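Single-structure report; data block below.
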Amino acid sequence: MSIRGRAARRAVLAVGALSRRLGLGSGSTVGGRVGILIDPGLLGHLSAGRLVALVSGTNGKTTTTRLLAEALGGPSAVATSTAGANMPAGLVSALAASPPGAPSVLEVDEGYLAQVADAVAARVVVLLNLSRDQLDRVGEVRMVASRWRALLARTAATVVANCDDPLVTWAAEPAADVVWVAAGGRWSDDARQCPACGGRVAFDHARPTPSFRASGGHEGASGDWSCTCGLRRPEPAAAVEDGRLVVDGRALPLTLALPGRFNQGNAAMAAVAAGALGIELDRALAAMSGVVEVAGRYSEALDGEVRARLLLAKNPAGWSELIELLSAGSGPVVLGINAREADGRDPSWLWDVPFERLTHRLAVASGDRRLDLAVRLRHAGVTHLVVADQVAALHAPGAPQLDYVGNYTAFQELRRLLARRASAGGGPGSAAGRGGLAGDGGPGPRHLAEQAAPPPAPARRAGARRGSRQADLSIVVVHPDLLGTYGDSGNGRVLANRAAWRGIAVELVLAPSDEPLPASGDLYCLGGGEDGPQSRSATLLADSPLPEAVGRGAVVLAVCAGFQIIGSAFPGPGETPQPGLGLVDAETVRGPGRRAVGEALVRPGPEAESLGVTEMLTGFENHAGVTRLGPGVAPLGQVVRGVGNDPGGDRRSPAAARVDGCVAGHVVGTYLHGPVLARNPALADALLALATGAALRPLADEEEAALRDERLIGVAPPRRTGRRRALRVG
Ligand code: GLN
């Protein structure tokens, strides 16, 4: 290595050590950053001459990396990542700290795979899966897949790819040397649209569509899939079948200490990768079977009298695997949800998690975003407590044994808190009795009250037979498989529940794009979507009963991509304008600036007020499009924070010009997703009143009120005095 490279390596180690000594964390990121500043080619220099395996994918990276490291002789014999430090700076630290020449197993963030693979000349690249995650910062999953595809077309590495995932398959297809592994994966919702042609991927097992997310589907196993364009599941060289790895005519038992079918998939991928690096499969599997926890995941923590199994899930795909484990269990389950930088700031994905399958368990909502979670649990029919402090949350149910599931930073934080308590002697007899922990200022009485959730309204898929009872109100979620990026089917669920809770006979119909759209809906919900799926949905809808239904008075809530679709035109494939449905006079073009991403507040305008929406609207937006309303179309309201339709295409456009959405008779559009109706029950009720023509009695919306208070205060512009108060009263 050059003098500069050696100096950079020493700097990585010294800065990392200093950071640890000052108690600032593991030091892996800051040390690596300094090293890369000194020598921009450091990643390549440190990995030169080593056997390098990279592991990437949305879920299972950390576990698979650990299993593969184990197969190669254990974490002390290889250079391997500290959990989560999976961007170049963290990788540099992992390499700098290991003996020169030791083989390396590196976990790589999906977005950085190309950059890292180019720098390190990997021998093996393991590709697990791709699904939506951290939407506010990672971007559309199809864009990640196409970056992978470009990289893999030029790589000399052996690619070990999960052929049960269409996005992974499409990305890995051009690689010269691929070993396909049928590793499974229950989550197909993000791959319904063919990455090659934009058509619809058919899965041969009757796997539930995204429409069943909220009603707790996901019964299917992995299976064959294909598209009419010719993209199809390749013949696997190895497959997970009934707890065994079937390869070369042998069936090797996947005996793991780690729970869950998904970990068998991770182990299969790691074993095949180890095989590609020259390790015998039996030996690799035997080494992996001894792994009992991975960076705290799956471990048991004892705090006072409470024994908690610690699990981590950070997106709908991860949850859909874990929910299997959880629904088979009993006793309380504590859920810690944050929305910090590393988690993604937008927790709307909570509406894609089938919490409905946990109605037999008492839940405790905790973490920074416990109030979003509480509203979600209410709609799922899960009885719950709300406790701010995560340690107090473990003790709140008063049960000796429970499961804890946290998303990324919530999980890390709980582990840190537990470790600190253990070293401070916070064992049995500590202050953490039921309700006795002050936590962050003390959970108020409301936060400890058990909220018995009313039962949720049942949902059915379009095409499925109706129940015997005829509904008075039919709510249709339009194309949840294409327009469901932001938990948008939650809007349909909120509407159906709020109707059912008032005794209205309501049906919730989930209408995926391969079924005819019901013509007799009273209220249609369109959600947000990636550019490709949005375009396809618009094409299908132009030929559907939707325009006619609107003509006869059906109510429409159109969010984000849906809002663009109901206008006259929006940017279609290749940025050429594609006609919308023309239900409102509004045109969308690509904005000149950055994508509008973040929390938004909208003060209802006169049209919205006349529908009964008088309180400030809160939501999250994430779009590149800029929408101009025609002269006769009223906006939904004035943007107080955020971007909205942004006719100036610029956050700095004059305040008066910044409006969001539209209200055109019984058609309401908005850029607020989130899902917007969970946070704004007044808007939900206004739509229900329009659809039923009746006045609705108020509901006990305590949890929604708490969430709204938090959102309105938390995101209001801080410097303008008097604003908070004004916001609270709307
Ligand atoms: N693809 C559209 C845009 O970026 C809509 C995005 C969305 O629905 N979030 O403008």
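The values are calculated or read from the model by the stated rules, or taken from the named source; none is laboratory data. None of these values were measured; they are calculated from a predicted model. Heads up, the Cβs are rebuilt from the backbone with ideal geometry, glycines too, and the neighbour counts pull from every protein chain shown. When the accessible area is computed, the model is the full protein with side chains, heavy atoms only, and any ligands, DNA or RNA have been set aside. Shrake-Rupley method; radii C 1.70, N 1.55, O 1.52, S 1.80 Å.
Please compute the per residue accessible area over the chain with all protein chains in place, 1.4 Å probe, rounded to a whole number of Å².
Per-residue value: 37 Å².
Report, in whole Å, the centroid distance computed from the Cα atoms of region 329-406 and region 236-259.
Using only Cα atoms to place each centre, the spacing works out to 33 Å.
Please find the FRET efficiency linking ASP282 to ARG460, where r is the Cβ-Cβ separation and R0 is fixed at 35 Å, and quote it to the nearest 0.05.
Result of the calculation: an efficiency of 0.15.
Using a 7 Å offset from the Cα along the Cα-to-Cβ direction at both THR255 and GLU241, what is the distance between the two label points in nm, to one decimal?
Going by the 7 Å Cα→Cβ label model, 2.1 nm.
Please determine, in degrees from 0 to 90 and to the nearest 10, the orientation of helix 370-380 with respect to the longest principal axis defined by the Cα atoms of the chain, where the helix direction is its Cα long axis.
So the inclination is approximately 70 degrees.
What FRET efficiency, computed as 1/(1 + (r/R0)^6) with R0 = 51 Å and r the Cβ-Cβ distance, is obtained for LEU302 and SER610, rounded to the nearest 0.05?
Efficiency computed from Cβ-Cβ geometry: 0.30.
Go ahead and run the numbers for FRET between ARG590 and ASP248, Cβ-Cβ distance against an R0 of 56 Å, rounding to 0.05.
So, using R0 = 56 Å, E works out to roughly 0.65.
Distance between Cα centroids, region 125-174 to region 519-567: provide it in whole Å.
Each part reduced to its Cα centre gives a spacing of 30 Å.
Normalising by the residue count of the chain, find the relative contact order in percent from Cα pairs under 8 Å and 6+ residues apart.
Here the relative contact order equals 8 percent.
So between ARG416 and GLN401, what do we pick up on full extension, going 0.36 nm a residue minus the alpha carbon distance?
So the extension gain works out to 3.4 nm.
State the extension gain, in nm to one decimal, for the chain segment bounded by GLU710 and ARG340, taking 0.36 nm per residue of separation less the distance between their alpha-carbons.
131.7 nm
Might you list the cysteines of the chain that have no disulfide-compatible partner by the rule of another cysteine's Cβ under 4.7 Å?
So far as the 4.7 Å Cβ criterion goes, CYS163, CYS525, CYS560, CYS662 stand without a partner in the chain.
For region 519-585, what relative contact order do you get, as a whole percent, if you take Cα pairs closer than 8 Å and at least 6 residues apart?
Worked out over region 519-585, it gives 38 percent.
Hey, for a label at ILE38 modelled as a point 7 Å past Cα toward Cβ, could you say which residues of region 74-109 have their backbone N under 14 Å away?
92-93, 96-97
Work out, step by step, the length gained on full extension between GLU702 and GLU450: first 0.36 nm times the residue separation, then minus their alpha carbon distance; give nm to one decimal.
89.5 nm
How high is the relative contact order of region 132-203, in percent, counting Cα pairs under 8 Å that sit 6 or more residues apart?
27
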